[in-house]
Amino acid sequence: MSRTLAEAFAQARSENRAALIGYLPAGFPSRDEAIELIAAMVDGGVDIVEVGLPYSDPLMDGPDIQAAVEIALQGGTTTDVVLDTVAEVAKTGAATVVMSYWNPIERYGVERFATEMQKAGGVGVITPDLTPEEAGAWHAATDAHGLDRVFLVAPSSTDARMHKVVAGTSGFLYAASLMGVTGARSQVSDAAPELVRRARALTDLPIAVGLGVSTGEQARGVAAYADGVIVGSAFVRRILQSANHADACDSVRELAQELAAGVRG
C-alpha cells in the first residue's frame, strides 16, 4: 500500500515545501519499462505518482503525451495492465493514483475499477472529464473502497462551478493552470496564482497546479503559492528523446531531482 494523498501532502508541509507530482502513462514504452521509469522518478524525488490510463481519444493531452499514449496502446496496454502498474508503483511507497478519462473506467465497470484499485494499493483517481453532476456512481464506489476523487478546476471555472467541484473532491484539488492541452512550456500561465487564490477561499484541501511545468525554476515559482506541482509532459519528452531505456531512466531521475530541488525553494 502506498502512502495516502493526505500523508504525502502532510510530509511535504512538514518539510516546508510543495509536493512533487509526476505523471507517466502505463505501458510506455512498455509495461516493465514504465514501472522502472516511474521508480526512477520516485528515486529522484517525486512524492505522488499519476499513472496514466492510455485512451484512444485524449482530448486534454498535448503532442508528447499523445505520442506516449499511442505507443502504449500499440503495445497492448489495457486497464488491467494499468492496475498491475499501480500495484508495482505502490511498492515504492509513493502515493499512487490513476489519471484517466471517464470512458475507460465506465467501460471497465465503475465498481470493478474501484475494487481493483484498492486491491492494487492505489489511493485515488483523477478524472479530468467527469463532471460532478455525473459522478454519483463514482462517489459511491470510491467511498466504498477508500479512494480519493480528484477533480479539476480551470481559469474559466465560475465560482458556482468551483463550489460544485470542490464539494465532490477529496485528496487534492487539481488546478489546471491554463485552458488547452498538456505540454511543457517556457512559462507557466500567469492565471494560475489567481486560480489558486480563488480555490483557497472555497476549500482546505491541498491545491496542486498542473499543465506547463517543465523546469526546476518553474516548479519553484509554482511552489510559492500551491501545495503541489504536477509535471507530466516534461518527463514524457525526456523519455521520447532518450537513446535507450537506461538513458531514459537517468534522464527522468535527473529531471525529478531538479524539480524536487525547485519545490524546496
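Things to note:
- Annotation: amide H of Ala19 within the under-5 Å range of Gly228, Val229, sequence separation 5 or more or interchain, hydrogens built in the peptide plane.
- Region 209-265, relative contact order [Cα under 8 Å, separation at least 6], %: 47
- Where only DSSP H runs of four or more residues are counted, the chain gives -14500 deg cm²/dmol as its mean residue ellipticity at 222 nm, each run worth -39500 (n - 2.57).
- Each Lys and Arg contributes +1 and each Asp and Glu -1, all at the Cβ; summed about the Cα centre of the chain, the dipole is approximately 600 debye.
- Relative contact order computed over region 5-263 (Cα-Cα under 8 Å; 6+ residues apart), in percent: 23
- Shape of region 1-156, Cα gyration tensor, a/c cut at 1.5: rounded
- Taking a ≥ b ≥ c as the square roots of the eigenvalues of the Cα gyration tensor, region 5-263 is rounded, since a/c falls below 1.5.
- Sorted by Cβ density within 10 Å, fewest first, the residues Thr131, Thr158, Thr215: Thr158, Thr131, Thr215
- Given charges at Cβ of Lys, Arg, Asp, Glu: the chain dipole, positive-most of Pro54, Ala261, Trp138: Ala261
- Alpha-carbon centroids, region 129-162 and region 53-73: separation in whole Å: 22
- Each of Leu83, Leu259, Leu202 was scored by other Cβ atoms within 10 Å of its Cβ. Listed from fewest to most, they are Leu202, Leu83, Leu259.
- Unit charges at the beta carbon, dipole of the chain: most positive-side option, Phe9, Ala248, Gly93: Phe9
- Sequence of Met162, Met99 once ranked by neighbouring C-beta atoms within 10 Å, starting from the fewest: Met162, Met99
- If you take all other residues with their beta carbon under 13 Å from the beta carbon of Val86, and give Lys and Arg +1 and Asp and Glu -1, the sum is -2.
Only the coordinates and a few stated rules stand behind these numbers; no lab work does. Everything numeric in this text was worked out from a predicted model, so none of it was measured. Note that we place each Cβ from the backbone using ideal geometry, even for glycine, and neighbour counts take in every protein chain shown.
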